[in-house]
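Just below is one structure, and these are the notes that go with it.
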Amino acid sequence: MAWLFRFLSAVAAAITSLFVARDALNFGIMQTLLMITLIIGAAAIAVAWKARREL
C-alpha cells in the first residue's frame with residue numbers, strides 16, 4: 001500500500017509542477033489536493049473493476 005501512495009505522490013508532484021512552480025508557497029497544498037484526487041480516482045476504478053467482474 002505504501003508503494004501505491006509513493007507512486008501517486010510522485011505522479012501528483014509531476015502533474016502539479018506543470019501548473020505551479022515548485023518554489024511557490026502553495027505547491028504542497030496543490031500537490032496534496034491532486035494526490036487526494038488521484039487516490040479517490042484509483043479507488044473508484046478499483047470499485048468499478050470489481051463490480052464489472054462480478055456481473
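Rule-based calculations on the coordinates, nothing more; no lab input. Keep in mind that what you see is a predicted model, and the values were worked out from it rather than measured. Cβ placement follows ideal geometry from the backbone for every residue including glycine, while neighbour counts extend to all protein chains displayed.
Report, ordered by the first and then the second residue, all pairs with beta carbons closer than 7 Å, sequence separation of six or more or different chains, a first member in the stretch 20-46 that is closer than 14 Å to Ala10 by Cα, and a second member that is assigned to a helix (DSSP H, G or I) and among the β-branched types (Val, Ile, Thr).
Phe27/Thr16; Met30/Thr16; Gln31/Thr16; Leu34/Ile15; Leu34/Thr16; Leu38/Val11
For the stretch 3-23, what are the residues that are exposed (fewer than 13 other Cβ atoms within 10 Å of the Cβ), among the small types (Gly, Ala, Ser) and touching a helix residue (DSSP H, G or I) at 6+ places or on another chain (Cβ under 9 Å)?
Listed by number, the list holds a single entry, Ala21.
For the stretch 27-34, check the following and say yes or no: at least one residue is part of a helix (DSSP H, G or I), loosely packed, with under 11 Cβ neighbours inside 10 Å and out of contact with any Leu (no Cβ under 9 Å at 6 or more places or on another chain).
First, pick out the residues of the stretch 27-34 that are part of a helix (DSSP H, G or I): 27-34.
If we keep only those that are loosely packed, with under 11 Cβ neighbours inside 10 Å as well, we get none.
No: zero hits.
Exactly one of (1) touching a helix residue (DSSP H, G or I) at 6+ places or on another chain (Cβ under 7 Å); (2) loosely packed, with under 13 Cβ neighbours inside 10 Å is unmet by Ala48. Its number?
Of the numbered conditions (1) touching a helix residue (DSSP H, G or I) at 6+ places or on another chain (Cβ under 7 Å); (2) loosely packed, with under 13 Cβ neighbours inside 10 Å, the odd one out for Ala48 is (1).
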